[in-house]
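K.L.:
One structure, as structure tokens, below. Some questions next.
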Amino acid sequence: MLIEAGMVEDGDPSEAALDVSYAVMRALERLSPLERAALFLHDLFDVPFVDIGQTLGRTPAACRQLASRARKAIHRDVRRFPATERDVARFLSGWGEAVQTGSPAPLERILSEDVELVSDGGGKVPAARNILDGRSPVARFLLGIARQQISETAVGEPTAINGHPGLVLRENGVAISTMAFASEGSGNIIGVYIVRNPDKLPVSPTKAALRPSRPPPAAGGR
């Protein structure tokens, strides 16, 4: 595999749009069950704190504090920016160079030190079981899946995910994965969000796929 680096073009925002922002999902995962319940019941369903307290077995004041902590935590955790076309192009370039050289270093140069990778297989296809944190683990994982799990016939197509530049990988015109990204503002990638669950993948045919390329053969190989 991989995808030749190229400037990302605007895609159809409806094609690979996902229902919920990955960054918000990640922030919600970090909340305690009580914080999530208080936040959802009050902010989404307009349930009074008195009633929430009866449901959770807490005082109204305690529930108000739970919801307040949840809001602050979400605001803190989602201080990330949607990746730009330039950010995605730099990622593709680094990913392609990493595959060509067999070294994660080109990827590490464009990943934030605090980058995280979330992969959703929906229990139907292989995916990372846990959230990966840190530049080196994420770079090694991306290099590994590119060289071992994505066939040489796969193509990468720039698309819009949640209205922002992203990538969809296809084999024989069928989507096998989407990738969304978050940037820390400096251009480095701080979030990589991969969906492999077939129930969440776009089904429209490819429009302007990037050509795949293979890493050079090892020394002494045929």
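K.L.:
Filter the range 36-61 down to the residues that are touching a Leu at 6+ places or on another chain (Cβ under 8 Å), farther than 17 Å from residue 24 by Cβ and either of a type in the set (Gly, Ala, Ser) or assigned to a loop (DSSP other than H, G, I, E, B) (or both) and list them by number.
P.N.:
47, 58
K.L.:
Within the range 152-196, track down each residue that is out of contact with any Asp or Glu (no Cβ under 6 Å at 6 or more places or on another chain), among the polar types (S, T, N, Q) and more than 22 Å from residue 86 (Cα to Cα).
P.N.:
Within the range 152-196, 172 is the sole residue that qualifies.
K.L.:
Further question: Can you go through 127, 70 and tell me which one is small (Gly, Ala, Ser), within 14 Å of the chain's Cα centre (by Cα) and not in a strand (DSSP E or B)? Walk me through it before giving the result.
P.N.:
Numbers: 70 fails: within 14 Å of the chain's Cα centre (by Cα).
127 is the lone residue from the list that is small (Gly, Ala, Ser), within 14 Å of the chain's Cα centre (by Cα) and not in a strand (DSSP E or B).
K.L.:
Here are some conditions: (1) assigned to a helix (DSSP H, G or I); (2) modelled with pLDDT under 80. Residue 185 meets all but one. Which one does it not meet?
P.N.:
For residue 185, the exception is condition (1).
Listed here are the residues, each with its yes/no results for (1) among the small types (Gly, Ala, Ser); (2) under 13 Å from the mean Cα position of the chain (by Cα); (3) not assigned by TED's automatic domain parsing to the domain that holds residue 90; (4) not in a strand (DSSP E or B).
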| site | (1), (2), (3), (4) |
| --- | --- |
| 115 | no, yes, no, no |
| 118 | no, yes, no, no |
| 138 | no, yes, no, yes |
| 142 | no, yes, no, yes |
| 146 | yes, no, no, yes |
| 152 | no, no, no, yes |
| 156 | yes, no, no, no |
| 166 | yes, yes, no, no |
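K.L.:
Please go through the range 83-112 and pick out each residue that is more than 26 Å from residue 163 (Cα to Cα) and either modelled with pLDDT under 90 or among the β-branched types (Val, Ile, Thr) (or both).
P.N.:
99, 100, 101, listed by residue number.
K.L.:
Residues in the range 204-214: is at least one at pLDDT below 75, in a strand (DSSP E or B), out of contact with any helix residue (DSSP H, G or I) (no Cβ under 6 Å at 6 or more places or on another chain) and surrounded by 11 or more Cβ atoms within 10 Å (Cβ to Cβ)?
P.N.:
Yes, the conditions are met somewhere in the range 204-214.
The values are calculated or read from the model by the stated rules, or taken from the named source; none is laboratory data. Nothing here was measured: the structure is a model prediction, and the numbers come from that model. Positions of Cβ are backbone-derived with ideal geometry, glycine not excepted, and every protein chain shown enters the neighbour counts.
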